[in-house]
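Mind having a look at this structure? Questions to follow.
Please treat every number below as a calculation from the coordinates, not as lab data. Predicted model only: the values in this text are computed from it and were never measured. Cβ placement follows ideal geometry from the backbone for every residue including glycine, while neighbour counts extend to all protein chains displayed.
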Amino acid sequence: MRRLALNLAVAIAFFSPGVNALGLGEIRVNSSLNEPLEAEIELLQLRGLKATQIRPSLADIDDFNLAGLSKSRVLDGVDFDVNVTSTGEGSVVITSNSPIREPFLSFLMEVNWPNGRLVREYTLLLDPPLFDQSPSSNQVVKPLSTVEEVAKPLNGRSSE
């Protein structure tokens, strides 16, 4: 039943006027576990919208319930800021003042603009920072935020 309600809400949003005016891309996490959250979501199809017209926030509790998610208290201190460049590209920067101590975080982000509303679920996996074990270095190395594929030759040999 919950799945049906969510699919119905998505279908209604998809066929609503103005729905193509704005889209949300994938999330890129720039922080690690036990650090303040720093993440960025690309805004798609801005079509002339200005940063002041785009209002991102956490979705309300009813949307969380409809999606079958519980709203974590960790999200209470999260801020959303919109950046739009002169070339028309934009992003939503998500930050927190407090360190995030949970390695797995799911949330619903709501974005409102003059002609529409969009709600999307994001799931973050925050890896612990990697430490350089050499005695001459006390630097923290952040984990990679994207998965890189390694191409393997079909015959198992290197092409060099």
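Compute the length gained on full extension between Ser72 and Val93: take 0.36 nm times their separation in residues and subtract their Cα-Cα distance, giving the result in nm to one decimal.
In short, 5.6 nm is gained.
Follow-up question, since we're still on this one. Which residues among the stretch 40-69 fall inside the zone where the amide N is under 18 Å from a point 7 Å beyond the Cα of Ser86, along Cα→Cβ?
48-52
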